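What follows is a short report on a single structure.
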Amino acid sequence: QVQFVESGGGLVQPGESLRLSCAASGFYFNIAVMAWYRQAPGKQRELVATITRDGTTNYVDSVKGRLTISRDNAQRTMYLQMNILKPEDTAIYYCNRPTWASDDVNWGQGTQVTVSS
């Protein structure tokens, strides 16, 4: 069955970096549009970045220039390089296909990112 396993989160100070990973299984990852989402405390889950099967990327304005989405189709893994982290980046980060996200299905457990001094 479809499974996403997110990892790499942690507690960091403002300005520091983290690299999140998303291991995917149970579907044709190499042809799927993929995305990172996040949910901050008390807020709805929001889209952060998307990547097509050939590597075309899009980002929400608040993370442009700081976060970079990438993928390794051979390893069925997606990444989110997070630089110059800010307290407002604090959230649980999830990966999913946008089509499944809109149907609110196939979510993994997420990985917690906390940015605090």
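Given a 1.4 Å probe and every protein chain left where it sits, what share in percent of the accessible area of the chain is carbon and sulfur? Roughly 47 percent of what the probe reaches on the chain is carbon or sulfur. When nucleic acids and ligands are ignored and a 1.4 Å probe is applied, Tyr93 ends up with an accessible area of around 0 Å². From most to least packed by mean Cβ count within 10 Å, the peptides 58-67, 19-28 give 19-28, 58-67. Under 10 Å from the Cβ of Gln81, count the other residues' Cβ atoms, weight Lys and Arg +1, Asp and Glu -1, and hand me the total. Residues near Gln81 contribute +2 overall. Stretching Asp61 away from Ile84 to a fully extended chain increases their span by 6.8 nm, per 0.36 nm per residue minus the current alpha-carbon distance. Accessible-area rank, largest first, for Thr77, Thr52: Thr52, Thr77, with all protein chains present and a 1.4 angstrom probe.
Taking only alpha carbon atoms, the chain gives an Rg to Rh ratio of 0.94, where Rh is the Kirkwood radius.
The values are calculated or read from the model by the stated rules, or taken from the named source; none is laboratory data. Not measured: the values here are computed from a predicted model. Heads up, the Cβs are rebuilt from the backbone with ideal geometry, glycines too, and the neighbour counts pull from every protein chain shown. Calculation scope for accessible area: heavy atoms of the full protein, side chains included, ligands and nucleic acids excluded. Shrake-Rupley method; radii C 1.70, N 1.55, O 1.52, S 1.80 Å.
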